[in-house]
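Since the structure comes first, as structure tokens, the remarks are kept for the end.
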Amino acid sequence: MRAISSDAFRAAIAGSLFLFFWGCSSSAPLAPQSDVDLAEPTPATTVQAVGLVSDSDEPLPLDDKVRVGKLDNGLTYYVRKNTKPADRAELRLVVDVGSVLEADDQRGLAHFAEHMAFNGTERFEKQELVDYLELTGSRFGADVNAYTSFDETVYMLKVRTDSTELLDTGIEILREWASRISFDPDEIDKERGVVIEEWRLGRGAQMRIANEQLPVLLRGSRYADRLPIGTKDVLETFEHPTLTSFYEDWYRPDLMAVMAIGDFDADRIEDMIQELFSDLESPPDPRLREEFSVPGNEEPLVALATDPEATFGSVSLIFKIPEQDINSLEGYRKSMVESLYHAMLNSRLQELTQDADPPFAFAGSGRGSFARNPDFYSLGAIVQEGQMVRALEVLLAEAERVRRFGFTATELERAKSDLLRSMERAFNERDKTESARYAGEYVRHFLVDEPSPGIEFEYEMTREVLPGIGIDEINDLAESFVTKSNRVVLADGPEKEGLTYPTKDELLAVFDQVEARSIAPYEDRVRDEPLLGTIPTPGAITSEETYPDVGVTRLKLSNGAQVILKPTDFKNDEVLIRGYSPGGHSLLEDADYFSAARADTIVARMGLGEFDSIELGKALTGKIARASAFIGELSEGITAS
């Protein structure tokens with residue numbers, strides 16, 4: 001679902017907890033803005049009105065373009081024909097089982113079992129499996145991958161569909177992984193070294209930092225003792241039956257979904273899934289698939305972690321908040337209210353990065369999750385060295401400013417305009433949506449009941465609901481997000497000589513300091529005047545040549561410039577522009593090189609005419625476009641879209 005999706009712990013944490021959280025947040029910043037004129041919004045007659053009752057608790061409908069079925073053995077399947085990209089399909093095997101279900105002597109074995117899927121099955125020996133996938137054009141990592149998190153394990157294949165054999169074999173591989181992983185004893189012992197090395201390296205500095213911070217964030221829950229990487233002791237010493245026991249207990253049809261989205265005959269693929277997976281059986285006495293939660297905390301928790309290989313520092317304020325029920329019209333409306341809140345606060349935080357000496361390079365507000373219950377509200381920032389306390393103070397001050405004075409009507413007007421335009425663009429591009437996006441959406445639908453009603457429904461829902469959202473109900477959210485209890489402060493950064501970090505007491509003292517401060521209301525600086533005071537005098541086309549074989553037209557203009565035009569249908573609502581001239585900083589004297597190399601960055605922050613960059617962004621609300629200048633080694637120019 002586009003407006004409210006939340007990817008919790010998807011492909012392992014790839015950055016600090018702040019970056020991870022920001023990536024999985026349900027309310028990321030809205031689309032960039034610019035001054036390109038756009039077409040009028042799509043008329044309401046182009047989509048079917050949904051007749052909303054905004055307080056309805058009825059579940060949202062599932063998009064009728066996807067076929068969803070459940071076999072007698074409990075396995076769920078999703079099948080959708082989608083032609084972007086052509087001749088390709090995205091396949092998924094989703095198992096509603098992760099590290100949180102491991103016994104004490106199995107810590108790390110959910111992840112280990114995932115590794116073993118690529119070490120051979122009953123039908124495919126290890127090298128045969130690897131060779132076959134590579135022969136089909138699939139690349140490990142890009143097209144063939146898997147991940148294990150706290151609550152789920154997901155296997156992913158991208159396969160060609162211009163060959164029926166290749167597509168069929170891809171689905172057969174999913175069937176093999178579902179119940180026929182071979183667990184060859186020699187391969188298990190070989191794989192120990194691979195997984196232990198992953199444990200040792202921690203997949204980089206940010207994963208090692210996350211492994212230190214997560215047990216604090218999740219304190220008091222089973223999650224805190226079940227990090228997916230496991231423990232070195234278990235990985236080194238587990239007996240083979242302990243691993244196969246985990247697989248046999250939990251890899252069962254009632255906890256599985258199979259997904260196929262791509263350029264194929266949907267009837268045939270649905271029949272094939274039904275035939276291949278119907279014989280899967282659950283154990284005679286299936287174990288209960290428990291759900292776990294993270295308890296609240298009255299006293300604040302603090303986790304400070306450093307790593308010699310870390311390249312940046314971050315600080316995050318995380319508040320445990322009730323899980324959001326989004327699978328209803330009422331829930332969707334509430335998520336839209338939250339989205340506007342985060343968009344407006346993120347806009348204010350972005351303004352602060354334009355100060356002469358900002359304490360952070362990036363900051364954000366959003367809701368996300370590390371576990372299935374509860375949700376987490378986060379305020380976080382990438383901080384300058386030595387600026388952690390100041391960054392924390394600025395973040396809290398902005399949240400406190402919203403709590404005391406709320407947002408302004410003009411801020412809300414801009415946020416609504418951006419949200420509507422973003423949804424309109426998604427609607428206009430609905431026939432260009434990639435299969436991988438649908439696959440991700442259906443994975444979340446199966447695992448956490450995230451709604452997937454389709455962009456047509458969502459766009460019309462947004463058009464109907466958005467005008468009725470008022471400023472007061474958005475302002476009320478501040479009290480529910482930043483609370484006295486359930487606080488967690490996460491801080492991390494490079495470990496190096498001369499760089500010191502604040503203590504726990506120094507970090508916590510910031511809360512009281514900000515609460516006691518005098519804070520002025522936010523002043524919304526806007527300019528009510530044209531971006532261009534004088535429109536340039538147009539030139540003329542002096543010649544035109546066409547090249548029908550490649551669909552290109554070349555124009556010459558009266559000022560000597562050449563323009564090359566090529567219509568495409570890659571996107572329905574996009575124009576790409578690139579203009580350049582030969583030259584570049586290679587022509588400059590050495591003394592001018594660094595100035596030229598940084599000139600494009602400076603230009604990007606300067607605004608336009610009388611508009612500074614902040615005022616320019618506000619003036620361009622509701623427009624999705626980009627423009628930038630560049631100076632390379634051998635050329636300079638502009639790019640725009």
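The values are calculated or read from the model by the stated rules, or taken from the named source; none is laboratory data. What you see is a predicted model, and the numbers here were worked out from it, not measured in a lab. Cβ sites come from the backbone with ideal geometry, for glycine too, and all protein chains shown count toward neighbours. Remember, those area values only see protein heavy atoms, side chains included, never the ligands or the DNA or RNA. Shrake-Rupley method; radii C 1.70, N 1.55, O 1.52, S 1.80 Å.
List of remarks:
- Of the residues examined, Ala540 is not one that is open to solvent by less than 60 Å² (accessible area, probe 1.4 Å) and under 30 Å from Phe376 (Cα atoms).
- Complete set of residues in the range 596-641 that are in a strand (DSSP E or B) and either within 22 Å of Glu413 (Cβ to Cβ) or touching a strand residue (DSSP E or B) at 6+ places or on another chain (Cβ under 8 Å) (or both): Leu608, Phe611, Ala627, Ser628, Ala629, Phe630, Ser635, Glu636, Gly637, Ile638, Thr639, Ala640
- Contacts under 6 angstrom Cβ, first residue in the range 584-609 being over 28 Å from Val526 (Cα atoms), partner modelled with pLDDT of 85 or more and among the acidic types (Asp, Glu), 6 or more apart: Gly584/Glu633; Gly584/Glu636; Ser586/Glu633
- Any hit, the range 208-218, residues being outside any helix (DSSP H, G or I) and in contact with a Gly (Cβ under 6 Å, 6 or more places away or on another chain): no
- Total residues in the range 524-562, condition under 30 Å from Pro85 (Cβ atoms) and of a type in the set (Val, Ile, Thr): 4
- Candidates Ala310, Ala303 - the one that is within 22 Å of Gly366 (Cα to Cα) and crowded, with 16+ Cβ neighbours inside 10 Å: Ala303
- Only one of the listed residues (Asp549, Asp600, Asp590) is over 38 Å from the mean Cα position of the chain (by Cα), under 30 Å from Gln354 (Cα atoms) and of a type in the set (Asp, Glu). That residue is Asp590.
- Residue among Glu298, Glu330, Glu275, Glu338 that is acidic (Asp, Glu) and buried (at least 19 other Cβ atoms within 10 Å of the Cβ): Glu338
- Filtered residues of the range 344-369 (kept if surrounded by fewer than 21 Cβ atoms within 10 Å (Cβ to Cβ), over 15 Å from Leu395 (Cβ atoms) and touching a residue at least 40 places away in the same chain (Cβ under 8 Å)): Gln354
- Evaluation of Asp573 against the conditions (1) in a loop (DSSP other than H, G, I, E, B); (2) more than 30 Å from Glu398 (Cβ to Cβ); (3) open to solvent by 80 Å² or more (accessible area, probe 1.4 Å) shows that the sole unmet condition is (3).
- Options Arg372, Arg414, Arg403; residue that is touching a helix residue (DSSP H, G or I) at 6+ places or on another chain (Cβ under 7 Å), open to solvent by 30 Å² or more (accessible area, probe 1.4 Å), within 27 Å of Thr462 (Cα to Cα) and not in a helix (DSSP H, G or I): Arg372
- Among the candidates Leu616, Leu608, residue that is open to solvent by less than 40 Å² (accessible area, probe 1.4 Å), within 20 Å of Gly533 (Cα to Cα) and of a type in the set (A, V, I, L, M): Leu616
- Hits in the range 195-233 (condition: free of Cβ contacts under 8 Å to residues at least 40 places away in the same chain and farther than 18 Å from Asp151 by Cβ): Glu197, Glu198, Arg200, Leu201, Gly202, Lys232, Asp233
- Looking only at residues of the range 425-450 that are crowded, with 20+ Cβ neighbours inside 10 Å and in contact with a helix residue (DSSP H, G or I) (Cβ under 7 Å, 6 or more places away or on another chain), we find that the one that is farthest from Val258 (Cα to Cα) is Phe427.
- In the range 241-325, counting only strands (runs of 3 or more DSSP E) that sit wholly within it, the ones holding 3 or more residues that are β-branched (Val, Ile, Thr) span 313-321.
- The residue that is nearest to Gln206 (Cα to Cα), among those in the range 478-489 that are of a type outside the set (Ser, Thr, Tyr), open to solvent by 10 Å² or more (accessible area, probe 1.4 Å) and at pLDDT below 95, is Val482.
- Failed condition for Thr237, given (1) open to solvent by less than 50 Å² (accessible area, probe 1.4 Å); (2) over 26 Å from Leu174 (Cα atoms): (1)
- Restricting the first member to the range 477-497 and to residues that are farther than 21 Å from Ile382 by Cα, and the second to residues that are open to solvent by less than 40 Å² (accessible area, probe 1.4 Å) and of a type in the set (D, E, K, R), the beta-carbon pairs closer than 9 Å and six or more apart or on different chains are Leu477/Glu338; Ala478/Glu400; Thr483/Lys320; Ser485/Lys320; Asn486/Lys320.
- Some residue of the range 213-220 being modelled with pLDDT of 95 or more, open to solvent by less than 10 Å² (accessible area, probe 1.4 Å) and touching a Lys or Arg at 6+ places or on another chain (Cβ under 8 Å): no
- The residue that is most open to solvent (accessible area, probe 1.4 Å), among those in the range 159-209 that are closer than 22 Å to Thr244 by Cα and β-branched (Val, Ile, Thr), is Val194.
- Residue check, Arg430 without any contact (Cβ under 8 Å) to a residue 40 or more places away in the chain, under 28 Å from Gly622 (Cβ atoms) and charged (D, E, K, R): yes
- Evaluated against (1) open to solvent by less than 20 Å² (accessible area, probe 1.4 Å); (2) assigned to a helix (DSSP H, G or I), Asp492 falls short on exactly one condition, (2).
- Test: residue in the range 598-620 that is within 30 Å of Asp431 (Cβ to Cβ) and out of contact with any helix residue (DSSP H, G or I) (no Cβ under 7 Å at 6 or more places or on another chain): yes
Conditions tested, residue by residue: (1) over 30 Å from Leu620 (Cα atoms); (2) among the aliphatic types (A, V, I, L, M); (3) part of a loop (DSSP other than H, G, I, E, B).
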position: Arg421; (1), (2), (3): no, no, no
position: Arg437; (1), (2), (3): no, no, no
position: Glu441; (1), (2), (3): yes, no, no
position: Ser452; (1), (2), (3): yes, no, yes
position: Tyr459; (1), (2), (3): no, no, no
position: Glu473; (1), (2), (3): no, no, no
position: Lys484; (1), (2), (3): yes, no, yes
